[in-house]
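Structure first, then comments.
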Protein chains: 4
Amino acid sequence: MIDATARPWMTGDAADLFAMATAFFDREIPANRERWEAQRCVDREFWLKCGELGLLCASIPVEYGGGGGSFLHQATIQEAYARHGDRSWGNSMHSGVVADYVYEYGTEEQRQRWLPKMASGELIGALAMTEPSAGSDLKAIRTKAVRTSRGWLINGSKIFITNGGSADLVVVACSTDPSKGAKGISLIVVETQAAVGFTRGRPLEKIGQHGADTNELFFDDVLVPEENLLGEEGNGFAMMMHRLPQERLIVGVTAVTATELALSVTTDYVKHREAFGGPLIDKQHIRFELAECATLAKVARIFLNECMATHLSTGLDLPTSAMCKWWLTDVQCQVIDKCLQLHGGYGYMTEYTIARLYADARAQRIYGGTNEIQKELIARSL
Amino acid sequence: MIDATARPWMTGDAADLFAMATAFFDREIPANRERWEAQRCVDREFWLKCGELGLLCASIPVEYGGGGGSFLHQATIQEAYARHGDRSWGNSMHSGVVADYVYEYGTEEQRQRWLPKMASGELIGALAMTEPSAGSDLKAIRTKAVRTSRGWLINGSKIFITNGGSADLVVVACSTDPSKGAKGISLIVVETQAAVGFTRGRPLEKIGQHGADTNELFFDDVLVPEENLLGEEGNGFAMMMHRLPQERLIVGVTAVTATELALSVTTDYVKHREAFGGPLIDKQHIRFELAECATLAKVARIFLNECMATHLSTGLDLPTSAMCKWWLTDVQCQVIDKCLQLHGGYGYMTEYTIARLYADARAQRIYGGTNEIQKELIARSL
Amino acid sequence: MIDATARPWMTGDAADLFAMATAFFDREIPANRERWEAQRCVDREFWLKCGELGLLCASIPVEYGGGGGSFLHQATIQEAYARHGDRSWGNSMHSGVVADYVYEYGTEEQRQRWLPKMASGELIGALAMTEPSAGSDLKAIRTKAVRTSRGWLINGSKIFITNGGSADLVVVACSTDPSKGAKGISLIVVETQAAVGFTRGRPLEKIGQHGADTNELFFDDVLVPEENLLGEEGNGFAMMMHRLPQERLIVGVTAVTATELALSVTTDYVKHREAFGGPLIDKQHIRFELAECATLAKVARIFLNECMATHLSTGLDLPTSAMCKWWLTDVQCQVIDKCLQLHGGYGYMTEYTIARLYADARAQRIYGGTNEIQKELIARSL
Amino acid sequence: MIDATARPWMTGDAADLFAMATAFFDREIPANRERWEAQRCVDREFWLKCGELGLLCASIPVEYGGGGGSFLHQATIQEAYARHGDRSWGNSMHSGVVADYVYEYGTEEQRQRWLPKMASGELIGALAMTEPSAGSDLKAIRTKAVRTSRGWLINGSKIFITNGGSADLVVVACSTDPSKGAKGISLIVVETQAAVGFTRGRPLEKIGQHGADTNELFFDDVLVPEENLLGEEGNGFAMMMHRLPQERLIVGVTAVTATELALSVTTDYVKHREAFGGPLIDKQHIRFELAECATLAKVARIFLNECMATHLSTGLDLPTSAMCKWWLTDVQCQVIDKCLQLHGGYGYMTEYTIARLYADARAQRIYGGTNEIQKELIARSL
Ligand SMILES: Cc1cc2nc3c(=O)[nH]c(=O)nc-3n(C[C@H](O)[C@H](O)[C@H](O)COP(=O)(O)OP(=O)(O)OC[C@H]3O[C@@H](n4cnc5c(N)ncnc54)[C@H](O)[C@@H]3O)c2cc1C
Ligand SMILES: Cc1cc2nc3c(=O)[nH]c(=O)nc-3n(C[C@H](O)[C@H](O)[C@H](O)COP(=O)(O)OP(=O)(O)OC[C@H]3O[C@@H](n4cnc5c(N)ncnc54)[C@H](O)[C@@H]3O)c2cc1C
Ligand SMILES: Cc1cc2nc3c(=O)[nH]c(=O)nc-3n(C[C@H](O)[C@H](O)[C@H](O)COP(=O)(O)OP(=O)(O)OC[C@H]3O[C@@H](n4cnc5c(N)ncnc54)[C@H](O)[C@@H]3O)c2cc1C
Ligand SMILES: Cc1cc2nc3c(=O)[nH]c(=O)nc-3n(C[C@H](O)[C@H](O)[C@H](O)COP(=O)(O)OP(=O)(O)OC[C@H]3O[C@@H](n4cnc5c(N)ncnc54)[C@H](O)[C@@H]3O)c2cc1C
């Protein structure tokens, strides 16, 4: 039988890592999730513990303090984490995006300065692209960085920034040459503790993902050393685009894991809940809904596995990564919506896993490039 | 042109009532909604103000302190209220259900004892049918009321009770003769202040509708005077069924109003939000999504109007009321989901109306009889 | 109870007309449908019989041989006819479009020349707008009409023309001034019997609607008397647009009637078909599918009724007519698809009504302005 | 890039077979398809040609005249054939079902008697399970076979039998012991030429698949030699169930191939069709529709590939085969419906591939076990 949750790509040391991470999350998440949600962020201690265990920066070489693995190991940790249906911990942004950016585009000096502390959890990373008036249309950002004798002078604001409330290291997409459009965008690292003129808004109140800190960031004449430019000036847009397929795969991992979790708690629920003289699963409508959800979960997993295998061997092409992002998050929302309904009134109570999955899921069709933007990308490739 | 928001049934004094209520809600809701949500219930003062203005018990004759109107007036108030997309105020339960029950099934003594204070807002009402292990299958309830020399002795618990945290008067569905199934269910009014052994759980945490108090209620040897029986013993199930078409219409009013609100804030949003060199509405996909939403909103309104007109003249039949409930709440959720997406990241932030509409909407397919139960009812009539 | 098939707008003499027409169609259609489908058109005799009975040109004044009624009577005849699920007879094109054009835009001379024979069935009408390379984008048509001393000289071709194989009178949309775009389009009536250079292709083979003759028409130096220009030169586009809301309503009538027919034959079917120890309707999935279909059928009917009532009193606005067209045909296809499935293998056999309804329905989302074009129109009005 | 049409399982000699078969079908199908459809069956000569080329009975050992391959080779031939979107040739029934039954369940004598002629195309096979009043509920069949001294005496009728008009060898599911339900069903081979009392109805008229002969078969005191019993008496139901996963995979192959064909002709169409000043693909709605279709086509192919690989190595489990059947045929119908719409009026004309794909597709959700029955099977496994 094809096992819906089999992950054939997760072999060798990745399987061990999965077991270790799973044991850790099984202990930590149930014990803390509620508090994280109430305080609107995970504890700094949690990041440090993760650092100790090697759960941060898994794909960064050991000489920079990382796990010495590859995307395989990052995805593995994401699978282990996402199985709890928690969305508080911004590691995919921290390790999967920011650390990878620093490693791939950074100078030797930058790598040594930031990566070891990112790997230990002392520095938390964020990537700030979106602005109040520019999201999908990234090249329309207005945050400006001007090169001065004292370094880069940054003015502007960013919104919806994951890890925004706690980040020590923010990779900021800035317009360094407004006349050049996409080619005038550069990435500059702001070290928040040292940054005069940098402020954060209160955590944004969201429909779900309450434990994730999502913030507005303000830059008011913030001065940043010249050497904090990441990669080449004017190359920011290209760098961000280049990394997208992998980031979309991580969204896909979250989507499929959440889908499987929804299916599993719901199957369990309808087998035990009684109504009209027998368990709910005796009702044909319930059986059919569940059969449809089970099918989608399995097809989604198989599709993800294939994308993962391709990415790990030859790199996933852009249109397929776009398919992976939009379709898997769509399936996630559809399946979770059906599963919630099967819980009746309990499905609306956040004490129940399915309710949290529902509230958390809705953002997935929006960030990482909205699903509409993915369709544009696919269409262009036809 | 057919005006999507025209309500041809809202004529005469109902139109005046609508204007008055609208003015009141336009003032009160924006000023208080956030606090209500934070404290998980509306203020008692708000109920009293509503009472003063005649917004409570609109369909109860004036001799009992009511508005002297009919269902028309209740629906009118619900329209005026729902236009804000707020779901905190449990008036449809208080006036539309509990007061109507007391009036329709109560003795003269009961009417005089409870209705004037319900109309003034001094007493808040709730209806407690659902139990932890019996929702759709109402006749499986286990809360027992035993007739003793000192009155009814009630034991059991109820869950998901709207107004449960603040209710002074709870109509409790009890099994008074377990051997008789549906015919052994009776309605008994518990006056909470006097009820020793009655306790409430903390407000249940929900995906949305945060300002509505939804509670678990516990009855531990609660003694209630014999004269608190509402209607005839053993007739509870029939009484509840009889009132359902009207209650479903009210759910429909909320659904259509929320749909229209979603459409209107979203149309506005995409006309003003710029991306890729022009307003979002210039993108064909956005236009098509909006066109579909506008169509559904209009069809939904026309269907509701027809049901309302029928109900006000000859009474709405059971299968059509079931169609009204399931289809309108389905449309509500579909339209709101699309509209949220068109807001991008903002759609996920509860500061935005669309995000609250989204979180609030999901319960509508569950309460008032789940949409699955409605389909059963319709099918039986074919 | 709201009766799903009630047509409150069909009052007075329309109700009598409905009864008479129904009796006629009940006799004629079952007796002939199969032959019509095999020969790919209805018999000329059928047109003549209809003429005798007053079923043609119902909205044309009696002085021109018409029924002296209004759109109400046309719609009534369409309801009576469509109840059989037959799509062979092109009367909505003949009476509802061509005769109305002649009456509304024609000169007195033209009215007298053509209308009486159209009313008797001696002349069959068609409207030829679409060309092989211009459908939705009507103003891109290339068929040219050049004014010469001997009249209009027409060259070009038309495709998908209903009644194209039998039409005696074809209203042809021609470009009379290519430099003016939409304002260079004129309508010219071609009397096919006299038209040298006019030829027809074989009936086009379609998925369904086999009894309807849909043809390609070729105009090779066809000379037409100057006085065959309908309305003003250059006004063709505007005239066609002006008539569209009403034409869309007729598509809506067909859609709703077909939906109701599907529901009724299917309800009947699943009550009588046995499987697994009882009638199909005992299976919950079947009940739910049917309940959804019944709901859509009722909502669709109510929406259509409202549009009809509005059109008959004040005229239906363009965006609502577009909603009527796209949504009702979408519902038609959805409901019929579900109903076909409930018939199992029989659903695929054209001997069964549901199979024919399925094959016939698919065109409805395409002609009369594709459903995509309707959404553009709605969006523009927001 | 993941190639949507890649079939990683089709390796080695299967790839050669695919090339050979493709060349053959590329020649034969376009040249004959129209005639096959008109005459409601393929030519006997076509079967013989296929036999010569080794396209029949690919999985039957060479000693019985077969191709000596496995299911891999059958699936390969099906892929090559289905790429044309033709549905006339009933080989998947002939080779994939009947020949496999004979080989797997038959005696040595039966194998030698029938298989060589099936492989050459001299004998065409059919499987007759469904009856006018028993389809999904197979164990309710009424066709009776009574053991007599002269052999089996068969009475009853079968309906919707693929290859029914031309079959020489019909495997008939008979009730041999009505008292035993499913365990009283046996398979008996009727050699039609010798069968007195055996008659066929006219080919059933269907929505599509016009070239496939689907017939009703009548058995009126048909005498069949005792040795024509296939497998053990009373084991018929179990034998049929056992073969189902593989038959569902073949339906899946057809579904995915048709989906890919629809996508490819439509992409081509919208790139070349002009409207409103540019090709259709410039319109965003069209791009999005196509992007969704492309995604579904790719996900479907990947899912099928995985099922195929599993089946070829360890055998596909029953619930996954059910997912494969229902989901892939659902996707097929969805994608084709969207693609048809993008063709405008041409989409409704059977001259166009997309129109034929549409008409042909609808049966796929019905035969091979209806999609509802698949959902039951999946649900039971949860
Ligand atoms: C929980 C959460 C976390 C986030 N984390 C981060 C983060 O860490 N860093 C960061 O930089 N950003 C982050 N984002 C922002 C996210 O990337 C953006 O919200 C997203 O890119 C969409 O941008 P927008 O919100 O400006 O929407 P808009 O771009 O304004 O889009 C609004 C709607 O229009 C649609 N649309 C836009 N353009 C077109 C078009 N051409 N055609 C058709 N439709 C179009 C969109 O699909 C959407 O439906 C986060 C967002 C959320 C909700
Ligand atoms: C916000 C909120 C407010 C509420 N307010 C009140 C209130 O004021 N008073 C009150 O008494 N109750 C209230 N309820 C409870 C509500 O009425 C019940 O939740 C609802 O009736 C469903 O019951 P349940 O939760 O027990 O679900 P269940 O009955 O356990 O149903 C679970 C799922 O199974 C489905 N199902 C059940 N039976 C069948 C069947 N035979 N066939 C197919 N599917 C079936 C249901 O549709 C549902 O999807 C409220 C609920 C909510 C969420
Ligand atoms: C059975 C039948 C009967 C008919 N009878 C008649 C008749 O009597 N007289 C007559 O004149 N015509 C008739 N027609 C033709 C019909 O009106 C056209 O087919 C229809 O208008 C669509 O035009 P098209 O076929 O050229 O498609 P196209 O215009 O080429 O459209 C192809 C696809 O692209 C879409 N599309 C086009 N433009 C846009 C855009 N800007 N944005 C997004 N999508 C777009 C369309 O919606 C469609 O999905 C008939 C058609 C049929 C099928
Ligand atoms: C083109 C074509 C070719 C075919 N070829 C063959 C062939 O070669 N040999 C052969 O033996 N048969 C063949 N069939 C028949 C096919 O297998 C049956 O049509 C199919 O199994 C369904 O049976 P039925 O038609 O009797 O529908 P029914 O069993 O009467 O089902 C009617 C509807 O009820 C649903 N239903 C049935 N039971 C339940 C339930 N318990 N719960 C919920 N829903 C239920 C079904 O899903 C279906 O939607 C063919 C059919 C077609 C259309």
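Pairing each residue of region D:272-293 that is in a helix (DSSP H, G or I) with any residue that is near ligand 3 (Cβ under 6 Å from one of its atoms) and among the basic types (Lys, Arg), provided the two are 6+ apart or on different chains, yields C-beta distances under 9 Å for D:LEU280/D:ARG273; D:ILE281/D:ARG273. On the given criteria, is B:SER92 closer than 25 Å to B:ALA361 by Cα and either within 16 Å of ligand 1 (Cβ to nearest atom) or free of Cβ contacts under 8 Å to residues at least 12 places away in the same chain (or both)? No.
Being at pLDDT below 95 and farther than 23 Å from B:THR370 by Cβ, is that true of even one residue in region B:164-173? No, that holds for no residue.
Against the numbered list (1) in a helix (DSSP H, G or I); (2) within 14 Å of chain D (Cβ to nearest Cβ); (3) under 22 Å from the mean Cα position of the chain (by Cα), A:ALA379 comes up short only at (3).
Answer yes if at least one residue in region B:141-160 is hydrophobic (A, V, I, L, M, F, W, C), within 30 Å of A:ARG362 (Cβ to Cβ) and crowded, with 21+ Cβ neighbours inside 10 Å, and no otherwise.
Yes, region B:141-160 has at least one match.
When region B:247-282 is filtered for residues that are aromatic (Phe, Trp, Tyr) and either within 13 Å of chain C (Cβ to nearest Cβ) or touching a helix residue (DSSP H, G or I) at 6+ places or on another chain (Cβ under 7 Å) (or both), only B:TYR269 remains.
State the number of residues belonging to region B:22-74 that are within 15 Å of B:VAL97 (Cα to Cα) and in contact with a Leu (Cβ under 7 Å, 6 or more places away or on another chain). Number of matching residues: 6.
In the condition set (1) surrounded by fewer than 20 Cβ atoms within 10 Å (Cβ to Cβ); (2) facing another protein chain (nearest Cβ under 7 Å); (3) within 26 Å of D:GLU376 (Cα to Cα), D:HIS285 is compliant with all but (3). No other residue among C:ARG113, C:ARG83 is free of Cβ contacts under 8 Å to residues at least 12 places away in the same chain, more than 16 Å from ligand 1 (Cβ to nearest atom) and farther than 23 Å from C:LEU316 by Cα apart from C:ARG113. Among the residues of region A:173-184, some residue qualifies, meaning at least one is in contact with a Ser or Thr (Cβ under 9 Å, 6 or more places away or on another chain), of a type in the set (A, V, I, L, M), more than 14 Å from every other protein chain (Cβ to nearest Cβ) and surrounded by 18 or more Cβ atoms within 10 Å (Cβ to Cβ).
D:LYS338 falls short on exactly one of the conditions (1) within 14 Å of chain A (Cβ to nearest Cβ); (2) more than 19 Å from C:LEU340 (Cβ to Cβ); (3) in a helix (DSSP H, G or I); (4) more than 20 Å from the chain's Cα centre (by Cα), and that condition is (2). Of all residues in region D:130-146, those satisfying the criterion of being closer than 17 Å to D:GLU232 by Cα and at pLDDT 95 or above are D:LYS144, D:ALA145, D:VAL146. Considering only region C:176-230, how many residues are closer than 16 Å to C:SER166 by Cα and among the basic types (Lys, Arg)? Of the residues in region C:176-230, 2 are closer than 16 Å to C:SER166 by Cα and among the basic types (Lys, Arg). Among the residues of region A:261-292, count how many are closer than 17 Å to C:GLN284 by Cβ and more than 12 Å from ligand 2 (Cβ to nearest atom). Adding up the residues that qualify gives 2. All conditions in (1) among the polar types (S, T, N, Q); (2) over 22 Å from B:THR370 (Cβ atoms); (3) at the interface with another protein chain (Cβ under 9 Å from one of its Cβ atoms) hold for A:GLN364, with the sole exception of (3). Listed by first and then second residue, the pairs with beta-carbon distance under 9 Å, at least 6 apart or on different chains, first residue in region D:234-249 and under 14 Å from D:TYR367 (Cβ atoms), second among the β-branched types (Val, Ile, Thr) and in a helix (DSSP H, G or I), are D:GLU247/D:VAL97. None of C:GLU37, C:GLU52, C:GLU63 is surrounded by 20 or more Cβ atoms within 10 Å (Cβ to Cβ) and among the acidic types (Asp, Glu) except C:GLU37.
Annotation note: of B:SER149, B:SER95, the sole residue that is away from ligand 4 (no atom under 16 Å from the Cβ), small (Gly, Ala, Ser), under 30 Å from B:VAL253 (Cα atoms) and at pLDDT 95 or above is B:SER95.
Against the test of being closer than 27 Å to C:ARG362 by Cα and not aromatic (Phe, Trp, Tyr), the options C:GLU45, C:GLU34 yield a single qualifying residue, C:GLU34. Per this entry, A:THR320 is not counted among residues that are over 30 Å from A:ALA275 (Cα atoms) and free of Cβ contacts under 8 Å to residues at least 12 places away in the same chain.
Does C:ALA309 qualify as being away from ligand 4 (no atom under 16 Å from the Cβ) and either over 19 Å from the mean Cα position of the chain (by Cα) or more than 19 Å from B:ARG287 (Cβ to Cβ) (or both)? If you could, list the steps in order and put the result at the bottom.
Values: away from ligand 4 (no atom under 16 Å from the Cβ): yes; either over 19 Å from the mean Cα position of the chain (by Cα) or more than 19 Å from B:ARG287 (Cβ to Cβ) (or both): yes.
Taking the combined requirement at face value, the residue satisfies it.
The values are calculated or read from the model by the stated rules, or taken from the named source; none is laboratory data. Remember, it's a predicted structure, so these values are computed and weren't measured experimentally. Positions of Cβ are generated from backbone atoms using ideal geometry, with glycine treated the same way; all protein chains shown enter the neighbour counts.
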